[in-house]
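One structure below.
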Amino acid sequence: MSNMVKLSNISERIPLYEEVKKSFDEEGNTTITDMSLLPSFRWITMADGTLVQRLINYDLSKAKETEEVWGEYEKEDLSDLKSKRVKIISIPYTVDGTKFKGVAKVSKYNKDNWQAHLKQIDERQNKLKSKAGMINFEIAQKDVEIDKGKLKESSKKATEKVKDQVTAHTKLSEYLAQQMLTRQEWIDISDYSETTSSDVLMDNFEEAMYQNPLILGVKNIALSKNGHMLIVSYEDNQKEFEKKQESIRKEVKEVAKKIVKDDMSDLQKEFAINQYLIETAKYDDAALENAEKNQFKNVDKEFNDSFTPYGVLVNKVGVCASYAGAFKLLADEVGLESIVVTGYLDGEVPHAWNKVKLDNAWHSVDSTNNDNELILNALLNAPKKATKKILQEDERYLVDDYLKDYEASDDDKDKEYYHVEKKFFDQKEVAQKLIEGLKKEESITLRTDYQIDDDDFMSIVKAVNAELRNEDLKGTYWNGVIFLSNK
């Protein structure tokens, strides 16, 4: 049996329509004068009315040089309309996670090396790809018999063996976490009357598993037919399970000692953990592909560790579940209050990230996607109004009654990364700050209003280029973060 899902949670994941002007053709028509400024994202309206940015996938294998007849006019009434033959590069595209497609048409390009320029665009789009990856669980039923007395004794001993900090909101969640932290396969739940509801049982099981990342490699779960026992299977045997736990504990202590100093504020601790994960961990694209192939129900054995903190902390490679679990363990070690959050990235791919409590308010941090050399730390304490376009929460990560206590803050003035680093400027002044930066460095990344669109971005670029007069200027933007380069 599976969990109930709110319709409101579904609507924020369904693309409704594309926020671009359409041509009279069947496909969309996006006209760009300069190839280096081909858009990276498209604005999409979701079923709940939210505007989000989705990555554009250009089909470069079908890009071609062609000629079209365009209209040219200066008067608003079109009385001076004249036709003109224009050579263009035509590039088909699709929009990530949607049915939308279109054709980008570039009128200004170098006839000798436009293919090389397209390769640069392809490299840019690959760098901008978001990263996710979570395994979803369902609870089945099994017809099994086991000695009730022995089961109770085994479960009691497991609870006594636990030496790790446990995060839980209910007695049942705490108990399940203690059992799974010691890799119990047969868990007695007969003393918990609330487990007669499979929804309540699943709610507590998921909180226990997600908020206690040292529970490694849960493979699947089942409930005995009499409802008195939860049966959990794990990817690793007892010896390997405990060995990996110990390696993680050791690494967490060493890393925490290295990156966090006694006089650091909670904000500084959060930034230090985020930066450590960005610098040392590599995203496991192969593991995500494998999870997608298996419809996020399981992965092949070689990728198991990439879905637990062992991946990012020990192997230095993992997917979002590994990043989020590692962040939580490091935060626990340095006394920073945090939780793991589950949901969807761009409404499409199962994803995990974190929330951190700073000055009695919760803030979202997605270290997996903060690791982007073009759009760095775009999801480091960004306000809820900005993150909700990208990170759609589900209700699995906490017992439902407590979700309301962890609402992310909409205040960004003294916690959001670009505000803290003095790199946030309103739309009226950001062009001048970009100009000043590009006169000193080859590239620059700043943030402005979260709602800027393609027209706003092009106006900013136009203002920058009016000053710099650099034909090599290129860039992109996402969620208000602007990257420009003059190399």
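The values are calculated or read from the model by the stated rules, or taken from the named source; none is laboratory data. This structure is a prediction, so every number in the text was calculated from the model and none was measured. Virtual Cβ from ideal backbone geometry, glycine too; neighbours counted across all protein chains shown.
Test each condition in (1) surrounded by fewer than 20 Cβ atoms within 10 Å (Cβ to Cβ); (2) touching a Lys or Arg at 6+ places or on another chain (Cβ under 6 Å); (3) not basic (K, R) for A463 and report the one that comes out false.
Condition not satisfied by A463: (2).
Taking K297 as meeting all but one of (1) surrounded by fewer than 16 Cβ atoms within 10 Å (Cβ to Cβ); (2) in a helix (DSSP H, G or I); (3) not acidic (D, E), write down the number of the exception.
Of (1) surrounded by fewer than 16 Cβ atoms within 10 Å (Cβ to Cβ); (2) in a helix (DSSP H, G or I); (3) not acidic (D, E), only one is false for K297: (2).
Among the residues of segment 377-387, are any touching a residue at least 12 places away in the same chain (Cβ under 8 Å) and part of a strand (DSSP E or B)?
Yes, segment 377-387 contains a residue that is touching a residue at least 12 places away in the same chain (Cβ under 8 Å) and part of a strand (DSSP E or B).
Tally time: how many residues in segment 337-347 are over 16 Å from A408 (Cα atoms) and outside any strand (DSSP E or B)?
Result for segment 337-347: 2.
Tell me the residue from E395, E407, E373 that is of a type in the set (D, E, K, R), surrounded by 16 or more Cβ atoms within 10 Å (Cβ to Cβ), farther than 18 Å from F327 by Cβ and in contact (Cβ under 8 Å) with a residue 12 or more places away in the chain, please.
E395
Which pairs do you get when a residue that is under 14 Å from S338 (Cβ atoms), found in segment 162-175, comes within reach of a residue that is in a loop (DSSP other than H, G, I, E, B), reach meaning Cβ atoms under 8 angstrom, with the pair 6+ apart or on two chains?
Every condition considered, the pairs that remain are T167/Q211; T167/N212.
Looking at (1) in a helix (DSSP H, G or I); (2) closer than 28 Å to W362 by Cα, find the lone condition where D455 falls short.
Only one criterion is unmet by D455, namely (2).
What are the pairs with Cβ atoms under 7 angstrom where one residue, in segment 276-297, is assigned by TED's automatic domain parsing to the domain that holds L345 and more than 22 Å from S233 (Cα to Cα) and the other, located anywhere, is crowded, with 21+ Cβ neighbours inside 10 Å and of a type in the set (S, T, Y)? Sequence gap at least six, or different chains.
Pairs that qualify, where the first residue is assigned by TED's automatic domain parsing to the domain that holds L345 and more than 22 Å from S233 (Cα to Cα) and the partner is crowded, with 21+ Cβ neighbours inside 10 Å and of a type in the set (S, T, Y), are L277/Y323; L277/S367; I278/S367; A281/Y323; Y283/T368; D284/S306.
How many residues does segment 261-281 hold that are β-branched (V, I, T) and either within 16 Å of A361 (Cα to Cα) or crowded, with 21+ Cβ neighbours inside 10 Å (or both)?
So the answer is 1.
Being polar (S, T, N, Q) and touching a strand residue (DSSP E or B) at 6+ places or on another chain (Cβ under 8 Å): is that true of S197 here?
In short, no.
Mind listing whichever residues of segment 142-178 are part of a helix (DSSP H, G or I) and either at pLDDT 85 or above or closer than 19 Å to Y397 by Cα (or both)?
Matches in segment 142-178: K171, L172, S173, E174, Y175, L176, A177, Q178.
Can you tell me which residue within segment 348-376, out of those that are in a strand (DSSP E or B) and β-branched (V, I, T), is farthest from F296 (Cα to Cα)?
V356
Residue by residue, here is whether (1) hydroxyl-bearing (S, T, Y); (2) out of contact with any strand residue (DSSP E or B) (no Cβ under 8 Å at 6 or more places or on another chain); (3) surrounded by fewer than 23 Cβ atoms within 10 Å (Cβ to Cβ); (4) in the same structural domain as L403 (by TED's automatic domain parsing) holds:
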{"position": "G311", "(1), (2), (3), (4)": "no, no, no, yes"}
{"position": "V314", "(1), (2), (3), (4)": "no, yes, yes, yes"}
{"position": "C320", "(1), (2), (3), (4)": "no, no, no, yes"}
{"position": "F327", "(1), (2), (3), (4)": "no, no, no, yes"}
{"position": "V341", "(1), (2), (3), (4)": "no, no, no, yes"}
{"position": "H351", "(1), (2), (3), (4)": "no, no, no, yes"}
{"position": "V356", "(1), (2), (3), (4)": "no, no, no, yes"}
{"position": "N360", "(1), (2), (3), (4)": "no, yes, yes, yes"}
{"position": "S367", "(1), (2), (3), (4)": "yes, no, no, yes"}
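Six or more apart or on different chains, Cβ atoms under 9 Å: show the pairs whose first residue is in segment 94-107 and without any contact (Cβ under 8 Å) to a residue 60 or more places away in the chain and assigned by TED's automatic domain parsing to the domain that holds L38 and whose second is buried (at least 19 other Cβ atoms within 10 Å of the Cβ) and outside any strand (DSSP E or B).
That search, which allows pairs on different chains as well, returns T94/F100.
State which residue pairs qualify: first residue under 11 Å from G311 (Cβ atoms) and inside segment 322-334, second residue not in a helix (DSSP H, G or I) in any location, beta carbons under 7 Å apart, and separation of 6 or more residues or different chains.
Once the first residue is under 11 Å from G311 (Cβ atoms) and sits in segment 322-334, its partners that are not in a helix (DSSP H, G or I) give S322/T308; Y323/A281; G325/P213; G325/T308; G325/V340.
Test L230 against the stated conditions and say whether it is touching a Lys or Arg at 6+ places or on another chain (Cβ under 7 Å) and within 15 Å of L176 (Cα to Cα).
Considered against the rule, which asks whether it is touching a Lys or Arg at 6+ places or on another chain (Cβ under 7 Å) and within 15 Å of L176 (Cα to Cα), L230 comes out as no.
Given the conditions (1) in a helix (DSSP H, G or I); (2) at positive phi, and given that V464 satisfies all but one, which numbered condition is not satisfied?
(2)
Hey, any hits in segment 434-447 for a residue that's farther than 28 Å from L267 by Cβ, among the aliphatic types (A, V, I, L, M), under 29 Å from the mean Cα position of the chain (by Cα) and not assigned by TED's automatic domain parsing to the domain that holds N113?
No, segment 434-447 has no match at all.
Return the only residue of K82, K99, K64 being at pLDDT 65 or above, under 23 Å from L118 (Cα atoms) and loosely packed, with under 12 Cβ neighbours inside 10 Å.
It is K64.
Can you tell me which residue within segment 410-425, out of those that are surrounded by fewer than 17 Cβ atoms within 10 Å (Cβ to Cβ) and modelled with pLDDT under 95, is nearest to V341 (Cα to Cα)?
D410
Out of the residues in segment 320-336 that are in a loop (DSSP other than H, G, I, E, B) and touching a Lys or Arg at 6+ places or on another chain (Cβ under 7 Å), state the one that is nearest to E207 (Cα to Cα).
If we take residues in segment 320-336 being in a loop (DSSP other than H, G, I, E, B) and touching a Lys or Arg at 6+ places or on another chain (Cβ under 7 Å), then L336 is nearest to E207 (Cα to Cα).
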